[in-house]
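Down below is the structure, laid out as structure tokens.
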Amino acid sequence: MSVTSPTGAPAIAGRRQARLELWQRNARRFLAELGRQPIALLGGLVVLAFILAAVFAPYITAHDPELGSLRQRLIPPVWQQGGAAEFPLGTDGQGRDLLTRIIYGARISLLVGFLTVAISIIAGAGLGAVAGYYRGWLDTVLSRFADLLMAFPFLIFAIAMMAFIGPGFANLILALTFKGWVEFYRLVRGDIMSEKTREYVEAARALGRSHPTIIVAEILPNIVQSIFVVGTLRMGFFIVTEASLSFLGLGIQPPTPAWGSMVAAGRDVMLTHWWVATLPGLAIVLLVPALNIFGEGLRDILDPRLKVQ
Amino acid sequence: MSRRAANGAPLVEARDVKKHFPVPASLLGKLLAGQKDQLVKAVDGVSFKIWPGETVGLVGESGCGKTTLGRVLARLYEPTAGEILFRDWPVHSSFFRHTQIIFQNPYSSLNPRKTVRDIIGVALRQRGLRDPQEREAETLRLLRRVGLSERHVDAYPHQFSGGQRQRIGIARALAIQPQFVVADEPVSALDVSIQAQVINLLQELQEEFDLTYLFIAHDLSVIHHLSDRVVVMYLGHVMEEAETESLFANPLHPYTQALLAAIPVVDKEDRRERIILEGAVPSPIDPPSGCPFHTRCFAKKGPECEQEYPPEVQVQGHRVACWLYV
């Protein structure tokens, strides 16, 4: 490219440079905004810590998350009498290191949260964009179906569905996304309908751009922030729902460590060995509000329109 | 005054163009109150011709259908009936290469997430300019031409004033190299001091690129300044059409007279007699029978005004639809 035109090539290179600088400026501005919201920043750091722990789990702990020694069962956390430094948060009823299981459990929780949100966004935003842009009978059918799904409480619906299709990771994702897309469908449909009336869309029509191109290249950049914000907020919700299902024995099956089933397993010894159920529960209580706080901070920074008055 | 070639073929012709918008009644309303689906007759049978190189002003109150007509001509709306000819050919999908539109609102007509380079670059790509370097050079050339600086190329719309945004919108329209430009109230959202600059720019560009304008406005002084010919619309119909000077000096249709009488004039001597129209513009859902203006007309001729739509007649070089001249 640089050989073809002595005048044009530097312009293109300069343009790349300008883009990069623009991106860096935006990133810096975003971080500065985040710095002005210390609580959101804290939430973000907690989420980041969980993600790092989940990704680097094998390097953080040497214990096996699924295999324990019955001779070492129910050892209390290190700060209590009888605790051992080898098991900082103690062990569970099968002698497995609780910290290791919590860290590996974060993998499940975050993976379920991320996959569910991703699939829900793809399905919900895609259908919502088509319904909101073209309207017509497809919009009517999809919207009534979405209303129908909205009528069921989320957890009851997921329980019924899991009972029907059986437990397991893939089924869990299916049960959560089956209703999870509705939230994004409604968001994107509404956003597209309001953006479509703006004149930049007509200008693109006048230039001869096709409808799909207009949806993807013109409108989508204007609504991607709100999708992102709602996605972050919904992720916490999906994680809690997964934990609830696992707690009920309908989600992730033992011995795979999932926070919900860990709480369920520790329930029997709750009065004598509090840590087995309490500490995985604490992990949920730490991660989910952190996600929500971070999501709300994102919303305030990226999309002030969504702010609840 | 008129730049139009004496006997040439028209560039754009509207033939009995209608644009109706359906207003469906609610299901409950249908069941309980027996409501029926309704039609907004925004444009209801409009014909005119525009010759190459001229500027035609389109005036009327808000709600008279002038914006809808502009959008039909810019191929944004499909007409309900009638047809639009471009150089005597019926207009279909690839019309965008010939026609562009400049919008009223410079704030919503530019995509807030795109830089100026993207906005103009897309138009150039649609024109078929594939080479990014050529596109870059052309973008900068267009920016300079509409009075912006090259350093604006990486900026986003919110970084500009209303007048600058309108210039970007003009550059985008020019990028396609159109022959016909629909300017839909391009200056009414701008400060008065900026209006003159943008109007001058539009006039310069017309000379330079041989453009033909349909200039939609409700500001009659702007129309007077710019147009070669004026079309007056009321409730989706053309009331009167004439050369600008002739229309302003000698309005024939009572509605045109009322419109012109509403222009504020500083000099007491020059003031026209004020004509105060009574009532409001009737609803285009349920337009009056006969002449649409008869409910507010101060010079009604007789019962025919209320019964039958007046035929168009040529009087003193004007095309008028009024029973007074039949």
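For residues in segment A:84-137 being among the aromatic types (F, W, Y) and within 28 Å of the chain's Cα centre (by Cα), which is nearest to A:I252 (Cα to Cα)?
A:Y104
With (1) farther than 29 Å from A:E296 by Cα; (2) more than 14 Å from chain B (Cβ to nearest Cβ) as the list, and A:R189 as the residue in question, which single condition is left unmet?
So A:R189 meets the others, but not (1).
Across segment B:166-179, which residue is nearest to the other protein chains (Cβ to nearest Cβ) among those that are surrounded by fewer than 22 Cβ atoms within 10 Å (Cβ to Cβ) and within 16 Å of A:A204 (Cα to Cα)?
Of everything passing the filter in segment B:166-179, B:I176 is nearest to the other protein chains (Cβ to nearest Cβ).
In this structure, does B:G29 turn out to be touching a residue at least 24 places away in the same chain (Cβ under 8 Å) and assigned to a helix (DSSP H, G or I)?
no
Tally up the residues in segment B:74-114 that are modelled with pLDDT of 85 or more, more than 11 Å from chain A (Cβ to nearest Cβ) and not in a loop (DSSP other than H, G, I, E, B), please.
So the answer is 6.
From (1) assigned to a helix (DSSP H, G or I); (2) within 14 Å of chain A (Cβ to nearest Cβ), pick out the condition that doesn't hold for B:V182.
Among (1) assigned to a helix (DSSP H, G or I); (2) within 14 Å of chain A (Cβ to nearest Cβ), the lone unmet condition for B:V182 is (1).
All but one of (1) surrounded by 12 or more Cβ atoms within 10 Å (Cβ to Cβ); (2) part of a loop (DSSP other than H, G, I, E, B); (3) in contact with a strand residue (DSSP E or B) (Cβ under 9 Å, 6 or more places away or on another chain); (4) modelled with pLDDT under 90 hold for B:L39, so report the exception by its number.
(2)
Would you tally the residues in segment A:246-268 being modelled with pLDDT of 90 or more and among the hydroxyl-bearing types (S, T, Y)?
So the count comes out to 2.
Of the residues that make up segment A:178-189, is at least one touching a residue at least 24 places away in the same chain (Cβ under 8 Å), acidic (D, E) and surrounded by 19 or more Cβ atoms within 10 Å (Cβ to Cβ)?
yes
Restricting attention to segment B:149-161, and to residues there that are in contact with a helix residue (DSSP H, G or I) (Cβ under 7 Å, 6 or more places away or on another chain) and either in a helix (DSSP H, G or I) or among the basic types (K, R) (or both), which single residue is nearest to the other protein chains (Cβ to nearest Cβ)?
B:D154
Tell me, which helices (runs of 4 or more DSSP H) wholly within segment A:192-309 include 2 or more residues that are in contact with a strand residue (DSSP E or B) (Cβ under 8 Å, 6 or more places away or on another chain) and small (G, A, S)?
So the answer is A:199-206.
Say whether the condition of being in a helix (DSSP H, G or I) and either of a type in the set (V, I, T) or surrounded by fewer than 20 Cβ atoms within 10 Å (Cβ to Cβ) (or both) is met by at least one residue in segment B:284-304.
Checked segment B:284-304: at least one residue is in a helix (DSSP H, G or I) and either of a type in the set (V, I, T) or surrounded by fewer than 20 Cβ atoms within 10 Å (Cβ to Cβ) (or both).
If a residue has to be closer than 18 Å to B:E240 by Cα and polar (S, T, N, Q) to count, how many in segment B:265-303 make the cut?
Selection size over segment B:265-303: 1.
For segment B:118-135, give me each residue that is buried (at least 21 other Cβ atoms within 10 Å of the Cβ) and at the interface with chain A (Cβ under 9 Å from one of its Cβ atoms).
Result: B:I119, B:V122, B:A123.
The values are calculated or read from the model by the stated rules, or taken from the named source; none is laboratory data. Here the structure is a predicted model, which means the values were calculated and not measured. Every residue, glycine as well, gets a Cβ built from its backbone with ideal geometry; the counts of neighbours run over all protein chains shown.
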